[in-house]
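The values are calculated or read from the model by the stated rules, or taken from the named source; none is laboratory data. All of these numbers come straight from a predicted model, not from anything done at the bench. Don't worry about glycine lacking a Cβ; one is built from the backbone with ideal geometry, like all the others, and counts go over all protein chains shown. These accessible areas exclude ligands, DNA and RNA; they are computed on the full protein's heavy atoms, side chains included. Shrake-Rupley method; radii C 1.70, N 1.55, O 1.52, S 1.80 Å.
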Amino acid sequence: MEVTLYGVGFNRSARCRWTLEEAGVEYTSVDRRGLSSADELRQFHPLAKIPAAVIDGQALFESAAICTHIADRVPAANLIASPGTFARAQHDQWVSFCLTEMESWLWNSYLNTTVLPEEQRNETVVEQNTVMFKRSALVLDAHLAEHEYLVEDRFTVTDIIVGWCVNWGRRQGHLDECPALDRYTERLLARPLCALTRD
Ligand SMILES: N[C@@H](CCC(=O)N[C@@H](CS)C(=O)NCC(=O)O)C(=O)O
């Protein structure tokens, strides 16, 4: 399997790097200042965002899709529930929940406080975004109060994808009412190949 990963650092490309490391796949990493939004990247990601990957000559974007595909391609690493099983549906459930009900709120706040030029920002959305993120975080917290990991009670790529988002929320100080999520993040950070940042 030949993989080139565009994007390094603690942004969403960390999900892909962590998955590649856990799967034991060697890969080429491409990163340079100004890579996101560069024309070079647009050929692999239509919005020129990171991460993007070229896998055996084919471009793939969206961090969750890249991680899921890598996990599927390396069954020996046992990183994902088998296609067609109920556990695999739970993978899809938690990934969708994470991206739509949690990460989207964090991203919108980040966009309106950091990414957009000042004159385009609308900082009034931040408070509501935080409320919405915390509401969903409580759902995940209740599940993780009963389980060590999200699917099949073992570490899988689902935890890599969702864990990245939970860690972002933790770094923003949004997990004060979520003790199980706090412990879950500690478990992930303790893994030797973990690509999340504590700070
Ligand atoms: N849903 C996408 C999000 C990609 C994304 O927004 N990447 C950020 C860095 S984490 C980026 O490239 N930002 C630059 C921009 O928005 O132009 C994924 O999970 O891959």
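Please verify whether E22 is outside the structural domain of H143 (by TED's automatic domain parsing), of a type in the set (D, E, K, R) and open to solvent by 70 Å² or more (accessible area, probe 1.4 Å), treating the condition exactly as stated. Reasoning before the result, please.
On the way: outside the structural domain of H143 (by TED's automatic domain parsing): yes; of a type in the set (D, E, K, R): yes; open to solvent by 70 Å² or more (accessible area, probe 1.4 Å): no.
Here the answer is no, as E22 does not meet what is asked.
Find the helices (runs of 4 or more DSSP H) located wholly in the range 66-174 whose residues include 2 or more that are open to solvent by 70 Å² or more (accessible area, probe 1.4 Å) and at positive phi, and list them.
Those helices (runs of 4 or more DSSP H) do not exist here; none qualify.
Cβ-Cβ below 7 Å, separation at least six or inter-chain, first residue in the range 47-59 and under 19 Å from R17 (Cβ atoms) and open to solvent by less than 50 Å² (accessible area, probe 1.4 Å), second away from the ligand (no atom under 15 Å from the Cβ) and of a type in the set (S, T, N, Q): which pairs?
Correct list of pairs: A53/T4; V54/T4.
Are any of the residues in the range 188-199 touching a helix residue (DSSP H, G or I) at 6+ places or on another chain (Cβ under 9 Å) and over 27 Å from N78 (Cβ atoms)?
yes
Quick one: in the range 18-35, of everything that is more than 12 Å from the ligand (Cβ to nearest atom) and over 19 Å from the mean Cα position of the chain (by Cα), which residue is nearest to P192 (Cα to Cα)?
E26
Within the range 36-55, take every residue that is over 19 Å from the mean Cα position of the chain (by Cα) and aliphatic (A, V, I, L, M) and give me the one that is nearest to I160 (Cα to Cα).
For the range 36-55, the residue satisfying everything is L41.
For the range 31-46, which residues satisfy the criterion of being crowded, with 20+ Cβ neighbours inside 10 Å and over 30 Å from Q93 (Cβ atoms)?
The one that is crowded, with 20+ Cβ neighbours inside 10 Å and over 30 Å from Q93 (Cβ atoms): L41.
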